[in-house]
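Here's the structure we're looking at; comments come further down.
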Amino acid sequence: MRLANPWKIASSEGSGIQSSVIVELTDADGVNAIGEAAPSATYDETVDGVLEIFPRVDTSRLSFTDVRGSTDYLRSIPGIPAAAVCVLNTALMDGAAKRAGKPLYDFLGLGFRENQHVTSFSIGIDTPEIIRKKVQDAAHYPILKLKVGDPRDRENFAALRSVAPDKPIRVDANEGWNKKEDALRMLEWLVATCKKIQFVEQPMPRDALMEDLVWLKERSPLPLFADESCHTVVDIPRCAEGFHGVNVKLVKAGGVSMAHDTLQAARRAGLKTMVGCMIETSVLVSAAAHLAELTDYLDVDGNLLITNDPFAGVTAENGVLSFAHAEEKHGLRVKARTHQPRTQL
C-alpha cells in the first residue's frame, strides 16, 4: 500500500509504504470470501510471520458454517499471531454472511444506519509546514485526529489550528508520554489551548503501572482512550480502571468475532467505544465499519490514506460512512476494483 504522505507516529520511524496480507477462502459450494490483516511492528508482527503460519493451518478445520469453532481452532495453533487469526476470521465471517445472503452487519444482528456514522481523518507526525498542508487537503473531513508524542507537538497543534480553527479534534499520543506527570502537563496544556478536543488516546505506554494509569485518569481534564493497552475482552477490566474508553482494532483483536465481543464487553463495563484501524485496504476497513452500531466514535480511515486501494467497499464521503454504493450486497460488501488505482513513485 502506497501512502499519500509518509506515515509517522510516536512509536515508529515513518514510511511511505505499508504492507498487508489478503486471503481468499472458497468452500465446496463455491462461496468465495476475503479477509485482511495489516501486521504491526508495534506488536512484533510481520507479513512474513503471518505467511509462515498458513502451511500449518489445517483448512479442513475451517468452515463458514462454524466460524466460532474455526476461530477456536486457529487460536489453538502454537505461536499464531493475532494478525493471522484476524485475516482468516474476517474471511470466515465474510463467507458465513454470504452463505446466509446477508450483509455482515445484519448477519451480526447490528444493522447499519446510513448518514449516522462519521470517521475521523488522521494527521500523522510531521513538520508544522507539512501538517498545515495535510490539514488543508483534509478540508472535507469534519473531524481530525492529530498524532502527537514528538518534540514539535505544540507547534504541530498550532499548525493544525491555523488551518482548521473550529473542527473537533482527537489527539493520539501512541504511548508517547512516558511519565504520568508529563502526560498530565500535556493534557492540561491541550485543554487550555483548545476547547474542541474530544479525547486523547493512549497517553502513556501500554506497560505503565496501573496505579499511574488510575492517577492520570482521576486528574485528566480530557477523556482517555486505551489503544495499545486494549486488544481483546481480557483487557477490558484493566481498561475500565485506567481509561474512560477503548479503541478496538480488528487486527489487534484477531478479527471481526473478537472485536465484536470486545466492544460488547467494553459497553457492559461502562466504557466509551471506538473502532479504529491500521493502514489498511477497504477489505478490513469495511469489516470494521460493519461494527459501527456498537461504537460511540469511529476512526476507520486507513484506506483513505493510501493511493492504490485495490478494493471497493464502504465509502467515507465527507467523513460519513456509507454502504449505499457498494456493489457487493452480502458479507463484507467488498469487491476488487475493475481498474486498479494508478500511483506515482
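Tell me, which residue of the stretch 195-216 that is out of contact with any helix residue (DSSP H, G or I) (no Cβ under 7 Å at 6 or more places or on another chain), closer than 29 Å to LYS133 by Cβ and not aromatic (Phe, Trp, Tyr) is modelled with the lowest pLDDT?
Filtering the stretch 195-216 for residues that are out of contact with any helix residue (DSSP H, G or I) (no Cβ under 7 Å at 6 or more places or on another chain), closer than 29 Å to LYS133 by Cβ and not aromatic (Phe, Trp, Tyr), the one modelled with the lowest pLDDT comes out as LYS195.
Can you find a residue in the stretch 142-154 that is in a loop (DSSP other than H, G, I, E, B), open to solvent by 40 Å² or more (accessible area, probe 1.4 Å), modelled with pLDDT of 95 or more and closer than 22 Å to GLY319 by Cβ?
Yes, that holds for at least one residue.
Looking at the stretch 173-185, which of its residues are closer than 24 Å to LYS249 by Cβ, buried (at least 18 other Cβ atoms within 10 Å of the Cβ) and either at pLDDT below 95 or among the basic types (Lys, Arg) (or both)?
Residues satisfying the conditions are ALA173, ASN174, GLU175, GLY176, TRP177.
Can you give me the ranges of the helices (runs of 4 or more DSSP H) entirely in the stretch 32-112 with at least 1 residues that are closer than 17 Å to SER286 by Cβ and among the aliphatic types (A, V, I, L, M)?
Counting at least 1 such residues, we get 82-99, 104-107.
Tell me yes or no: at least one residue of the stretch 72-82 is β-branched (Val, Ile, Thr), under 23 Å from PRO310 (Cβ atoms), at pLDDT 95 or above and open to solvent by 20 Å² or more (accessible area, probe 1.4 Å).
No, every residue in the stretch 72-82 fails to be β-branched (Val, Ile, Thr), under 23 Å from PRO310 (Cβ atoms), at pLDDT 95 or above and open to solvent by 20 Å² or more (accessible area, probe 1.4 Å).
What pairs come up if the first residue lies in the stretch 151-176 and is closer than 16 Å to HIS140 by Cβ, the second is assigned to a helix (DSSP H, G or I) and open to solvent by less than 40 Å² (accessible area, probe 1.4 Å), and their beta carbons are under 6 Å apart, counting only those six or more places apart or on different chains?
Sorted first by the residue in the stretch 151-176, then by its partner, the pairs are LEU160/ILE131; LEU160/VAL135; VAL163/VAL135; ALA164/VAL135.
Quick one: would you say ALA97 is closer than 29 Å to VAL171 by Cβ, crowded, with 19+ Cβ neighbours inside 10 Å, among the hydrophobic types (A, V, I, L, M, F, W, C) and in contact (Cβ under 8 Å) with a residue 60 or more places away in the chain?
In short, no.
Please tell me if ARG68 is touching a residue at least 24 places away in the same chain (Cβ under 8 Å), open to solvent by 30 Å² or more (accessible area, probe 1.4 Å) and of a type outside the set (Val, Ile, Thr).
yes
For the stretch 133-148, enumerate the residues that are touching a residue at least 60 places away in the same chain (Cβ under 8 Å) and within 19 Å of the chain's Cα centre (by Cα).
Within the stretch 133-148, TYR141, PRO142, ILE143, LYS145, LYS147, VAL148 qualify.
Just to be sure, is ILE130 in a loop (DSSP other than H, G, I, E, B) and either surrounded by fewer than 22 Cβ atoms within 10 Å (Cβ to Cβ) or touching a residue at least 60 places away in the same chain (Cβ under 8 Å) (or both)?
For ILE130, the condition - in a loop (DSSP other than H, G, I, E, B) and either surrounded by fewer than 22 Cβ atoms within 10 Å (Cβ to Cβ) or touching a residue at least 60 places away in the same chain (Cβ under 8 Å) (or both) - is not met.
Checking the condition at pLDDT below 95, open to solvent by 30 Å² or more (accessible area, probe 1.4 Å) and over 14 Å from LEU250 (Cβ atoms), which residue from ILE17, ILE9 passes?
ILE17
Give the residues of the stretch 253-283 that are of a type in the set (Val, Ile, Thr) and open to solvent by 10 Å² or more (accessible area, probe 1.4 Å), sorted by residue number.
ILE279
For the stretch 44-55, indicate whether the set of residues that are under 24 Å from HIS330 (Cα atoms), surrounded by fewer than 18 Cβ atoms within 10 Å (Cβ to Cβ) and more than 18 Å from the chain's Cα centre (by Cα) is non-empty.
No, because not a single residue in the stretch 44-55 is under 24 Å from HIS330 (Cα atoms), surrounded by fewer than 18 Cβ atoms within 10 Å (Cβ to Cβ) and more than 18 Å from the chain's Cα centre (by Cα).
Can you name every residue in the stretch 331-345 that is open to solvent by 60 Å² or more (accessible area, probe 1.4 Å), at pLDDT below 95 and either part of a strand (DSSP E or B) or of a type in the set (Val, Ile, Thr) (or both)?
Selection gives THR338 alone.
Please work out if GLY313 is of a type in the set (Gly, Ala, Ser), over 14 Å from the mean Cα position of the chain (by Cα) and crowded, with 22+ Cβ neighbours inside 10 Å.
Yes: the conditions hold for GLY313.
The values are calculated or read from the model by the stated rules, or taken from the named source; none is laboratory data. Here the structure is a predicted model, which means the values were calculated and not measured. Note that each Cβ is placed from the backbone with ideal geometry, even for glycine, and that neighbours are counted across all protein chains shown. All accessible areas refer to the heavy atoms of the entire protein, side chains included, with ligands and DNA or RNA removed. Shrake-Rupley method; radii C 1.70, N 1.55, O 1.52, S 1.80 Å.
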